[in-house]
Every structure is written in structure tokens, then in C-alpha cells.
Amino acid sequence: MTTTLLLVRHGETDWNAEHRWQGHTDVPLNERGREQARALAEQLAAEPVDAIYASDLSRARATAEAVAERLELPVTVDPDLREIDVGSREGLTGEEVGEREWDGEPHEAHA
């Protein structure tokens with residue numbers, strides 16, 4: 001028996017559109033991201049999907065929920081599936097990060 005794993009990135013957020021570093025900050029999907037999630041749900045409607053997992057961040061959860069609704073499946077939410085913590089670079093554009101050295105400081109230190 002073969003198992004196929006489909007990995008899907010969440011739909012677009014405003015930070016994605018602005019080319020901002022986004023890790024653990026809970027930035028929601030924007031309208032385009034919600035449209036992308038609905039389109040993905042339609043694309044996967046004919047696929048034999050048995051389970052759906054997502055991180056606890058709203059952008060990933062909303063993307064997964066759009067697919068789950070279409071496929072009539074539950075979403076298993078797991079915080080361990082979050083994107084990496086980008087520390088003090090969180091929310092900055094690539095230009096703002098520039099040549100800044102990685103300080104290794106987790107984002108949670110600012111919470």
C-alpha cells in the first residue's frame with residue numbers, strides 16, 4: 001500500500017503580499033488567500049484525501065478548513081506544524097532585514 005502526502009502552503013496574507021517575514025505572528029489570510037483556499041478545495045475535491053492537518057495559526061487553519069469543508073473531513077490542529085520562529089525579523093521586509101545578522105532571539109521573547 002502506498003501513502004501519498006500532500007503538503008500545502010497556506011493562502012496569501014497581507015504580509016506575504018508585502019514581502020514581510022512571517023513566522024509565529026498570527027497574520028490571517030487576506031481576500032486573495034481566502035480565494036486561493038477555496039480554489040485549492042475545488043482542486044482537491046476529486047482526490048482521495050483521508051486526513052487534514054494544520055498548524056494552529058489562523059492562516060494555515062483557514063486554508064485547511066476550506067479544504068476540509070469541501071471534503072467533509074475534520075482538521076487536526078497541531079502547533080508543532082507552525083512555520084519557523086524568525087525572531088526579531090518578524091514583520092520586517094527583506095529590505096529592512098538587509099544584512100542584519102541572525103540574533104537567534106525567538107519571537108516569543110517579545111510577547
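The values are calculated or read from the model by the stated rules, or taken from the named source; none is laboratory data. No experiment lies behind these values; they were computed from the predicted model shown. Using ideal geometry, Cβ is built from the backbone for each residue, glycine included, and neighbour counts are taken over all protein chains shown. Ligands, DNA and RNA are excluded from the accessible area calculation, which covers all protein heavy atoms including side chains. Shrake-Rupley method; radii C 1.70, N 1.55, O 1.52, S 1.80 Å.
Numbers below:
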read-out: Accessible surface of H19 - all protein chains present, 1.4 Å probe, nearest 10 Å²; value: 140
read-out: The chain: most fluctuating residue of E18, E72, E99 per GNM, C-alpha cutoff 10 Å; value: E99
read-out: Over the chain: helical MRE at 222 nm, DSSP H runs n ≥ 4 each giving -39500 (n - 2.57), nearest 500; value: -9000 deg cm²/dmol
read-out: FRET efficiency, W102 to V8 (Cβ-Cβ, R0 22 Å, nearest 0.05); value: 0.20
read-out: Per residue accessible area of the chain, 1.4 Å probe, in Å²; value: 68
read-out: Share of carbon and sulfur in the accessible heavy-atom surface of the chain [1.4 Å probe, %]; value: 50
read-out: Most mobile of L44, L57, L71 in a GNM of the chain (Cα contacts under 10 Å); value: L44
read-out: Where only alpha carbons of the stretch 12-76 are counted, the Rg and the Dmax (Å); value: 12.2, 35
read-out: Stretchable slack from E35 to E47, in nm (0.36 nm times residue separation minus alpha-carbon distance); value: 2.4 nm
read-out: Quarter of the Cα convex hull surface for the chain, i.e. its orientation-mean projected area (nm²); value: 8.3
